[in-house]
Amino acid sequence: MQAVGVNYTRPDVYGKISGKAVYPDDIEFEGMLYAGVKRSTIAYGKVLSINIDEIKQLPGVEYVIDYTMIPGAISHGVIFKDIPILVKDIVKRIGDCLILIVTNDKESLKNALKQVKVEYEEYEGVFTVDDALKEDAPIIGDGSNILYDIKIKAGNIDEGFKEALHITENLYCSQMTEHAFLQPEAAVACYDDDGTLKVYVATQYPHYDREEVARCLNVSEDKVKIINTTIGGAFGAREDINPQCHAAIATYISKKPVKVLYTREESIISHSKRHPMKMHYKTGVTKDGKLCALKARIYGDTGAYASWGMNVLRKAAVHATGPYVIPNVDIQALAVYTNNPYSGAMRGFGATQVPLASESQMDILAEKLNMHPLKFRYINSFEVGSNTATGQKLVSSVGIKKCIEKIAEIAEIKL
Amino acid sequence: MIEVTLKINGKMYTRKINPMLRLIDFIRDEIKLKGTKEGCGEGECGACTVIMNGKTVNSCLVLAASANGAEITTIEGLSNGDHLHPIQEAFIEVGAVQCGYCIPGMILSTKALLDENLDATEAQIKEGISGNLCRCTGYTKIVEGVKIAQKKIINSQEGD
Amino acid sequence: MKKRGVGFASIFYGTGYGNGFPDESRATAEIKEDGSIIIYVGVSDVGSGGLSIMWQIAIETLGVNKEFVKIKHNNTSMMHDSGTAAASRQTYNTGNAVLDACSKLKKNMMLASEEVTNLKVLYKQMVTKRIETRVEGYFKATTKEVNLETGQGNPYWPYTFGAQMVTVEVDDETGKVDILDIVSVNDAGKIVNPVLAAGQAIGGCAMGIGYAIMEEVFVNKGEIKNRNFSNYIIPTSKDVPNIKSYFVEDIEGTGPYGAKGLGEPVMIPTAPAIINAIYDAVGVRIYDLPATCDKVLLAIKNNA
Ligand code: FES
Ligand code: FES
């Protein structure tokens, strides 16, 4: 083959090594304004008042925008449209966007944001999955604190455990983590010569951004252009909307180019996080070293908004077995709302959390069997024709045994 | 407002500035050299690294006023027209670049390191770039790139 | 005393949106008057090299010199929707759409002239013969929604696989874990660009190291306490060993030239392999990530 399998030099590298690659903060226009949002400092409650009139009088302030001034939809979301672009009254997490301030220079923006005073009526929030599942817990979600509940059942779990020579049962916990890409979010909006509103942003999905910007401006999608600049890392955190709609609304109202630029702090506060998970695992193995049963209960703290919570917990459930044949399974995974920062997409998307449990269980059982942990994995791993826990037959390209063989070859381990 | 003069990539720039203006803002907003990046604003990530009087500094931590009279190299000053610096060539060759946001700072830290110690060992290289965070590459290929750059520079010096 | 240990982990990873969610990619291929071929495709290159992958698939399919092929990928008014740069789906899904568009264009080019020597001349021949110079490519992944009560169904396709071996050194007086070596082996089908793929694999391990022993967002009553790199600590060059990456290429027939996605799965085995290696080194098992010095030291003390 001429090009596939060949180490072509990536075409975008020259800009990147010379400092010429353009990230959103590198874009400037004549007469450009700066915009930023005041974010909620409480996790749950009602906004009673904001000193908007005072802010309007501050030096350099051109516009103060609240939710009533958004021409279209006032919220966004990859599946459910539940994340406020600007809050109407209820805040559900620290970092919810309250008002958008537009100024004619960076310094005035910083100053104006500092002067915003918000009065809240604070509610008792929920901050753990256990509390959120209590009967009398405040309801953070849409009618329930359970965003998603999926079960995977195959074979007969009780019979499966009866076949087991060894059983191990443990609780595993994974933490909340942050994408920490190096380029903080930024967006620049302006009107193009043809009258469309153009947003320069570093995004994982420009067409989705176009849809959300058009929705909040109440215009058709062909009146919006998203220009995807060079992207300074993403890892999932650039899937939800962040500065896009704010920049677009500010330009729509001011008719001028507007830049929104996050500090690192704002970046960390604003975007999604990796779901922290609690994973109860009970795994059984037969005397021949074959996995025979798995019972797993997985709880993901999905925070205040849905984002990709359903999909993340589904992915956790589907991958709960690890790459192994287990004929009898009883898996349940729940995504649970709390007033924590919202969880969403991050590299591996639910399938990154569960192997802490499944792969630790593998080592524990291998030790009980007195078998090399790599060999134990090898004899249980999928091959072409295997069924996964969801009953899916793997028909092609099942390279797990080859991967393990390669490791064994390097480590000189007999499988 | 105070007047400062900085020599950036061999050119003199005189500007009247707010005494609190950071060096990174001077470079990006006053001189419009956008290759220097801001990742954290508090001296932790190294994306804003420039070379000042031969030593690397985090330009987010330096006031432009305190750099008055200094000689500064940014990423734009590294290549000579279309002619890339050996470090840049090496980074391309080994595939050391992914999103690219850390790369200007990483290249300048590498340059300062190799200017001082062209024979830096692997441990010294890792130390030398440890102030530059990269979330994409896992550093292995960057370190490989630095080693290739060392060879390239040594070879070119022998050729002289 | 510093004690060494080795740990293993293996994983599978379903790529794509999955679960029957419409997972579509589109691409347009056009030959221009000046003899260049432009591929319009909504691939977002987050740093992972997606742009290069689309370019290479296009060049391979068209069988022309790489100088003639350009990718336009950053303006929504110029390209159709190709979905997210996520779910490790760009190489497989969007790559397939590029393959489709380029195969069609190639067919049209062959219709105009059996032998392609000069693309400018070919363009003229295509116009004279009224052959389409601009064609659309499309790909939709096939998955099936799972039943919420039984979980039965075909939630993802294709699956990528991986295994890692990690060597650690644990200081049993301080609980500090050093990662000495990582071997990462992945099956992502045919590898389109080996250097870029290795870059993904190695970067994934580094993120996995952070996940295993360093990183945690501290939240108190909904408030994030560590909001910058001074207290949200990610791996530096000194925390990451020289990682060795290998690929076993188990070709996937439905992938472009046999390729599958790999951006995410490459990070997954690292953390559990480190946890297993810590156990191998000092005989304690950490059930809560991250395995910080404090946690490891406490576990060692409790074990004594
Ligand atoms: S921006 Fe200066 S060190 Fe991060
Ligand atoms: S290449 Fe993305 S941060 Fe280094």
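The values are calculated or read from the model by the stated rules, or taken from the named source; none is laboratory data. Values in this document were obtained by computation on a predicted structure and should not be read as measured data. Here Cβ is always computed from backbone atoms with ideal geometry, including for glycine, and neighbour counts include all displayed protein chains. For the accessible areas, the whole protein counts, side chains as well, though only heavy atoms, and no ligand, DNA or RNA atoms are used. Shrake-Rupley method; radii C 1.70, N 1.55, O 1.52, S 1.80 Å.
Can you pull out every residue in the range C:158-190 that is open to solvent by 10 Å² or more (accessible area, probe 1.4 Å), at the interface with another protein chain (Cβ under 10 Å from one of its Cβ atoms) and either assigned to a loop (DSSP other than H, G, I, E, B) or aromatic (Phe, Trp, Tyr) (or both)?
C:Lys190
Out of B:Lys111, B:Lys126, which single residue is away from ligand 1 (no atom under 16 Å from the Cβ), within 14 Å of chain C (Cβ to nearest Cβ) and open to solvent by 10 Å² or more (accessible area, probe 1.4 Å)?
B:Lys126
Give the residues of the range A:66-109 that are over 21 Å from A:His271 (Cβ atoms) and hydrophobic (A, V, I, L, M, F, W, C), sorted by residue number.
Listed by number, the residues that qualify are A:Met69, A:Val102.
Quick check, is B:Ile2 buried (at least 22 other Cβ atoms within 10 Å of the Cβ) and either away from ligand 2 (no atom under 16 Å from the Cβ) or aliphatic (A, V, I, L, M) (or both)?
No.
Go through A:Leu365, A:Leu313 for me and flag whichever is crowded, with 24+ Cβ neighbours inside 10 Å and more than 9 Å from chain C (Cβ to nearest Cβ).
Residue meeting the stated conditions: A:Leu313.
Mind counting the residues in the range C:273-289 that are in a helix (DSSP H, G or I) and open to solvent by 30 Å² or more (accessible area, probe 1.4 Å)?
The qualifying residues number 2.
Please pick out the residue among A:Ala202, A:Ala186, A:Ala214 that is among the small types (Gly, Ala, Ser), within 11 Å of another protein chain (Cβ to nearest Cβ) and under 17 Å from the mean Cα position of the chain (by Cα).
Selected residue: A:Ala202, the only one of A:Ala202, A:Ala186, A:Ala214 that is among the small types (Gly, Ala, Ser), within 11 Å of another protein chain (Cβ to nearest Cβ) and under 17 Å from the mean Cα position of the chain (by Cα).
So which residues in the range A:376-407 are buried (at least 18 other Cβ atoms within 10 Å of the Cβ) and either at pLDDT below 95 or more than 9 Å from every other protein chain (Cβ to nearest Cβ) (or both)?
Matches in the range A:376-407: A:Phe376, A:Asn380.
Being more than 16 Å from ligand 1 (Cβ to nearest atom), of a type outside the set (A, V, I, L, M) and in contact with a Phe, Trp or Tyr (Cβ under 9 Å, 6 or more places away or on another chain): is that true of A:Gln183 here?
no
Does any residue in the range C:21-32 that is within 13 Å of C:Phe139 (Cβ to Cβ) come within less than 7 Å, Cβ to Cβ, of a residue that is among the acidic types (Asp, Glu) and buried (at least 23 other Cβ atoms within 10 Å of the Cβ) six or more places away or on a different chain, and which pairs are these?
So the pair list comes out empty.
A quick yes/no check of all residues on (1) touching a residue at least 60 places away in the same chain (Cβ under 8 Å); (2) touching a helix residue (DSSP H, G or I) at 6+ places or on another chain (Cβ under 9 Å); (3) within 14 Å of chain B (Cβ to nearest Cβ):
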site: C:Val43; (1), (2), (3): no, yes, no
site: C:Leu51; (1), (2), (3): no, no, yes
site: C:Leu62; (1), (2), (3): no, yes, no
site: C:Thr76; (1), (2), (3): no, yes, no
site: C:Ala85; (1), (2), (3): no, yes, yes
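Condition test on B:Ala96, is it buried (at least 24 other Cβ atoms within 10 Å of the Cβ), in the same structural domain as B:Ala149 (by TED's automatic domain parsing) and away from ligand 2 (no atom under 14 Å from the Cβ)?
no
Filter the range A:229-275 down to the residues that are surrounded by fewer than 22 Cβ atoms within 10 Å (Cβ to Cβ) and within 16 Å of ligand 1 (Cβ to nearest atom), then identify the one that is nearest to C:Tyr232 (Cα to Cα).
A:Glu265
Kindly indicate whether C:Phe8 is more than 14 Å from chain B (Cβ to nearest Cβ), more than 26 Å from C:Pro155 (Cα to Cα) and outside any helix (DSSP H, G or I).
yes
Take the conditions facing another protein chain (nearest Cβ under 7 Å) and crowded, with 24+ Cβ neighbours inside 10 Å and apply them to C:Thr15. Does it pass?
Answer is no for this residue.
Can you tell me which residue is nearest to C:Gly42 (Cα to Cα) among those in the range C:82-114 that are open to solvent by 10 Å² or more (accessible area, probe 1.4 Å) and part of a loop (DSSP other than H, G, I, E, B)?
C:Ala85
Please verify whether A:Asp330 is of a type in the set (Asp, Glu), touching a strand residue (DSSP E or B) at 6+ places or on another chain (Cβ under 8 Å) and more than 7 Å from chain C (Cβ to nearest Cβ), treating the condition exactly as stated.
yes
Specify the residue that is farthest from ligand 1 (Cβ to nearest atom); the eligible residues are those in the range B:135-160 that are hydrophobic (A, V, I, L, M, F, W, C) and more than 8 Å from chain C (Cβ to nearest Cβ).
B:Ile154
Picking from B:Ser59, B:Ser79, which residue would you name as being small (Gly, Ala, Ser), within 16 Å of ligand 1 (Cβ to nearest atom), open to solvent by less than 50 Å² (accessible area, probe 1.4 Å) and more than 9 Å from chain C (Cβ to nearest Cβ)?
Result of the check over B:Ser59, B:Ser79: B:Ser59.
Here are some residues: C:Thr254, C:Thr292, C:Thr270. Which one is touching a Ser or Thr at 6+ places or on another chain (Cβ under 9 Å), open to solvent by 30 Å² or more (accessible area, probe 1.4 Å) and in contact (Cβ under 8 Å) with a residue 60 or more places away in the chain?
The match here is C:Thr254.
Among what's in the range A:276-304 and is among the small types (Gly, Ala, Ser) and buried (at least 24 other Cβ atoms within 10 Å of the Cβ), pick the residue that is farthest from A:Cys97 (Cα to Cα).
Among them, the one singled out is A:Gly284.
For B:Ile8, are the conditions met, namely being away from chain A (no Cβ under 13 Å) and touching a residue at least 60 places away in the same chain (Cβ under 8 Å)?
So B:Ile8 fails the test.
Could you list, in sequence order, the residues of the range A:11-32 that are over 30 Å from the mean Cα position of the chain (by Cα), closer than 22 Å to A:Thr263 by Cβ and open to solvent by less than 50 Å² (accessible area, probe 1.4 Å)?
A:Met32
So, restricting to helices (runs of 4 or more DSSP H) that lie completely within the range A:353-413, which ones have at least 3 residues that are aliphatic (A, V, I, L, M) and in contact with a Leu (Cβ under 7 Å, 6 or more places away or on another chain)?
The helices (runs of 4 or more DSSP H) meeting that bar are A:400-411.
For the structure I just gave you, tell me whether A:Lys223 is open to solvent by 10 Å² or more (accessible area, probe 1.4 Å) and in contact with a Ser or Thr (Cβ under 8 Å, 6 or more places away or on another chain).
yes
Which ones in the range B:31-50 are open to solvent by less than 10 Å² (accessible area, probe 1.4 Å) and away from ligand 2 (no atom under 16 Å from the Cβ)?
Matches in the range B:31-50: B:Val50 only.
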